[in-house]
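Colleague: Have a look at this one before I ask anything.
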Amino acid sequence: MNVSIQPALKSLQTAALIAVVAVVGIFVGYFIDFLITDNPEVSAPEQPIAFSHKIHAGDNEIPCQYCHTEARRSPSAGVPSVNKCMGCHNEVATESPLIRQVSEYWENKEPIPWVKVHDLPDFVHFTHKRHVQAGIACQTCHGPVETMDKISVHSRNNDGPTLLASTTGEIMNSETSAVAATQNDHWEMGLCLNCHKQHDVVDGKAVRVDDGGFDNGLDCWTCHK
Amino acid sequence: MSFLDRITEGWRKNRKPGYYEDFDYHWAMTIDLDQCSGCGACVTACQAENNLPIVGEDAFTKGREIKWLRIEHYWEGEYPDVKLNVIPMMCQHCDSAPCETVCPVSATYHNQDGLNTQIYNRCIGTRSCAVYCPYEVRYFNYNDHTWESPLDQQLNPDVSVREKGVMEKCTFCIQRIRQAKDNAKDDGRRRVRDGEVQPACVQTCPSKAMVFGDRNDPQSQVSQSLNDPRSYKVLDELNTNSSVVYLKKVEAEG
């Protein structure tokens, strides 16, 4: 009996073609995904009023906690009320068009719908209170806000929880300053964990240590919830 | 130090006798079955505190309901001389927990407070822990659960809403423990005072059958309660060394 293997080869050819296309597709897909997800994009949402941190915190050297008063006593740093804005702007730059917008909200008795820029995923527990009281500078995580006209973070262009703090990389401490430096740390678990690994808490202040980190600070449930 | 040495050292540390007594805190609970009437208030409190979903009729009939704390019913005797025994059953926070050793991704582990904890983000849903748990107190999310408005407004922001494919269980209301520690730091205290932290079930119990506290502190209410001659641990013969201790019901002889 004469049996040809041609039909079998034919189907093999098709299978091989599919395999090649699949493999190439996987690589191309991975590359595209890599392009999209690993390329940080600056995220700087439009705010209802073009508020400049550079003018306030930079040029006029207003301390962060003058407006973000809740940072040292609550988990959330808080956004100042319109009342706080008007406290100064009753007198300062009242004729500027931007300040007129503020006074409009004030007169209408409406809060300003600020857009949150630095946001943590819902499964993360973070308290500003503990960190501010330990003497960690705001810029450690938030970057050089005092130089920003518009607050921005580098975010990954996916729906994942990753944000990239647009810091110069300096992890700062109000006492020792320049503690660790990693260029463009992602605003994700590594940023928290690196700092927790390198610091100990002595008399309620964060102090740099070479190894160990502080008691209980490396437990998953310190940050996760 | 070589990699192997580091592993050996870590192993020795964990094998050290009395390692579990070295904890900063050692949270424990006692449940007095003499006072427990099985009313189920703790079950409801747990549901509200920890964002537990109502799974619905279909899932319920498949045995997929999620209750971190449940009241188990044991009937004794024959009609008309029947007697109901109840026992609230939640994660026993075993110090030698069978579930911890089997997790392939270390999503469940023992923390420095003597708690058996579960990290939802890390869990990949193999369900091996539930298989190994002798108390059957681990619950798996077979579905994504949603809360219709306005019920979503009552979700506890300190507890994440677990998604499909994640194992969950009683945490001894770890968010409250964390909050109590935070308050202690604010007051300049190093330690949490006895009675300062109560899980939702303990807080709700109308007959005060449940007592929660730090076992390391010999003066704490729970330590006193542990010395009660009626105290026993469920399935103690399995050597799980659990942190939940029951006080036996006192019954009339005969």
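Colleague: Confirm whether B:ASP81 is more than 13 Å from the chain's Cα centre (by Cα), away from every other protein chain (no Cβ under 14 Å) and of a type in the set (Asp, Glu). Spell out how you get there, then give the answer.
Modeller: Values: more than 13 Å from the chain's Cα centre (by Cα): yes; away from every other protein chain (no Cβ under 14 Å): yes; of a type in the set (Asp, Glu): yes.
Considered against the rule, which asks whether it is more than 13 Å from the chain's Cα centre (by Cα), away from every other protein chain (no Cβ under 14 Å) and of a type in the set (Asp, Glu), B:ASP81 comes out as yes.
Colleague: Shifting gears a bit: Just to be sure I understand, how many residues within the stretch B:223-254 are under 15 Å from the mean Cα position of the chain (by Cα) and open to solvent by less than 20 Å² (accessible area, probe 1.4 Å)?
Modeller: Summing the residues that are under 15 Å from the mean Cα position of the chain (by Cα) and open to solvent by less than 20 Å² (accessible area, probe 1.4 Å) in the stretch B:223-254 gives 6.
Colleague: Residue under question is B:GLU196, and the condition is that it be charged (D, E, K, R), assigned to a helix (DSSP H, G or I) and open to solvent by less than 70 Å² (accessible area, probe 1.4 Å); does it hold?
Modeller: no
Colleague: Only residues that are within 14 Å of chain A (Cβ to nearest Cβ) and either surrounded by fewer than 19 Cβ atoms within 10 Å (Cβ to Cβ) or at pLDDT 95 or above (or both): list them for the stretch B:121-140, please.
Modeller: B:ASN121, B:ARG122
Colleague: Continuing with this model, one more query. Hey, A:GLY143 hits all of (1) in contact with a Ser or Thr (Cβ under 8 Å, 6 or more places away or on another chain); (2) in contact (Cβ under 8 Å) with a residue 40 or more places away in the chain; (3) farther than 21 Å from B:LYS185 by Cβ but one; which does it fall short on?
Modeller: Status for A:GLY143: all satisfied but (2).
Colleague: I would also like to ask the following. Select from the stretch B:60-71 the residues that are within 23 Å of the chain's Cα centre (by Cα) and not aromatic (Phe, Trp, Tyr) and list them in ascending order.
Modeller: Within the stretch B:60-71, B:GLY63, B:ARG64, B:GLU65, B:ILE66, B:LYS67, B:LEU69, B:ARG70, B:ILE71 meet the criteria.
Colleague: Turning to a different aspect of this structure: Within the bounds of the stretch B:94-102, is there any residue that is within 27 Å of B:GLN203 (Cα to Cα), buried (at least 19 other Cβ atoms within 10 Å of the Cβ), out of contact with any strand residue (DSSP E or B) (no Cβ under 8 Å at 6 or more places or on another chain) and not acidic (Asp, Glu)?
Modeller: No, that holds for no residue.
Colleague: Follow-up. May I ask you to list the residues in the stretch B:199-222 that are open to solvent by 80 Å² or more (accessible area, probe 1.4 Å), outside any loop (DSSP other than H, G, I, E, B) and closer than 21 Å to B:GLY40 by Cα? Give the derivation first.
Modeller: If we filter the stretch B:199-222 for residues that are open to solvent by 80 Å² or more (accessible area, probe 1.4 Å), which is where we start, we get B:203, B:206, B:208, B:218-219, B:221.
From what is left, the residues that are outside any loop (DSSP other than H, G, I, E, B) are B:203, B:221.
Across the stretch B:199-222, the qualifying residue is only B:GLN203.
Colleague: Restricting attention to the stretch A:102-123, report how many residues are open to solvent by 70 Å² or more (accessible area, probe 1.4 Å) and over 30 Å from B:VAL159 (Cα atoms).
Modeller: The first filter runs over the stretch A:102-123 and keeps only residues open to solvent by 70 Å² or more (accessible area, probe 1.4 Å), leaving A:104, A:106-111, A:113-114, A:116, A:119, A:122.
Then drop every residue that is not over 30 Å from B:VAL159 (Cα atoms), which leaves A:104, A:106-110.
Qualifying residue count for the region: 6.
Colleague: Further, regarding this structure: Check off (1) within 14 Å of B:TYR25 (Cβ to Cβ); (2) of a type outside the set (Lys, Arg); (3) in contact with a strand residue (DSSP E or B) (Cβ under 9 Å, 6 or more places away or on another chain) for B:ALA180 and give me the number that stays unchecked.
Modeller: Result: B:ALA180 passes all but (3).
Colleague: Output the number of residues of the stretch B:142-168 satisfying the condition of being over 21 Å from B:ARG178 (Cβ atoms) and either in a loop (DSSP other than H, G, I, E, B) or of a type in the set (S, T, N, Q) (or both).
Modeller: Of the residues in that region, 13 qualify.
Colleague: For residues that are more than 13 Å from every other protein chain (Cβ to nearest Cβ) and in contact with a strand residue (DSSP E or B) (Cβ under 9 Å, 6 or more places away or on another chain), scanning just the stretch A:207-225, find the one that is modelled with the lowest pLDDT.
Modeller: Once the filter is applied, the top-ranked residue is A:GLY212.
Colleague: Part of a helix (DSSP H, G or I), farther than 30 Å from B:ARG178 by Cβ and of a type in the set (A, V, I, L, M, F, W, C): does that describe A:PHE27?
Modeller: In short, yes.
Colleague: With the requirement that a residue be assigned to a loop (DSSP other than H, G, I, E, B) and either open to solvent by 30 Å² or more (accessible area, probe 1.4 Å) or facing chain A (nearest Cβ under 9 Å) (or both), what does the stretch B:108-120 give you?
Modeller: B:ASN111, B:GLN112, B:ASP113, B:LEU115, B:ILE119, B:TYR120
Colleague: So is B:TYR74 part of a strand (DSSP E or B), closer than 22 Å to B:GLY125 by Cβ and open to solvent by 10 Å² or more (accessible area, probe 1.4 Å) or not?
Modeller: no
Colleague: Still on this structure, I have one more. Looking for something at pLDDT 90 or above, surrounded by 15 or more Cβ atoms within 10 Å (Cβ to Cβ) and within 25 Å of B:TYR142 (Cα to Cα) - is there at least one such residue anywhere in the stretch B:28-37?
Modeller: Among the residues of the stretch B:28-37, not one is at pLDDT 90 or above, surrounded by 15 or more Cβ atoms within 10 Å (Cβ to Cβ) and within 25 Å of B:TYR142 (Cα to Cα), which makes the answer no.
Colleague: Here is a further query. Considering only residues that are closer than 20 Å to B:PHE60 by Cα, buried (at least 18 other Cβ atoms within 10 Å of the Cβ) and either away from every other protein chain (no Cβ under 13 Å) or of a type outside the set (Val, Ile, Thr) (or both), which ones fall in the stretch B:141-182?
Modeller: Scanning the stretch B:141-182 gives B:ASN141, B:HIS145, B:ARG162, B:MET167, B:GLU168, B:LYS169, B:CYS170.
Colleague: In the set A:ARG130, A:ARG156, which member is modelled with pLDDT under 80 and of a type in the set (Lys, Arg)?
Modeller: Exactly one residue qualifies, and that residue is A:ARG156.
Colleague: I'm trying to understand the selection: among the residues of the stretch A:42-100, which are surrounded by 16 or more Cβ atoms within 10 Å (Cβ to Cβ) and among the aromatic types (Phe, Trp, Tyr)?
Modeller: If the condition is that a residue be surrounded by 16 or more Cβ atoms within 10 Å (Cβ to Cβ) and among the aromatic types (Phe, Trp, Tyr), then A:PHE51 is the only one that fits.
Colleague: Now for a separate question. Might you let me know whether the stretch B:43-58 holds any residue that is in a loop (DSSP other than H, G, I, E, B) and closer than 15 Å to B:VAL202 by Cα?
Modeller: Yes, the stretch B:43-58 has at least one match.
Colleague: Could you please let me know if A:ALA19 is part of a helix (DSSP H, G or I), at pLDDT 90 or above and surrounded by 15 or more Cβ atoms within 10 Å (Cβ to Cβ)? Spell out the reasoning first.
Modeller: Working: part of a helix (DSSP H, G or I): yes; at pLDDT 90 or above: yes; surrounded by 15 or more Cβ atoms within 10 Å (Cβ to Cβ): no.
It is false that A:ALA19 is part of a helix (DSSP H, G or I), at pLDDT 90 or above and surrounded by 15 or more Cβ atoms within 10 Å (Cβ to Cβ).
The values are calculated or read from the model by the stated rules, or taken from the named source; none is laboratory data. Keep in mind the model is a prediction, meaning the values are calculated, not measured. Note: ideal-geometry Cβ built from the backbone for every residue, glycine included; neighbour counts use all protein chains shown. Side chains are part of the model used for accessible areas, which takes the heavy atoms of the whole protein and leaves out ligands, DNA and RNA. Shrake-Rupley method; radii C 1.70, N 1.55, O 1.52, S 1.80 Å.
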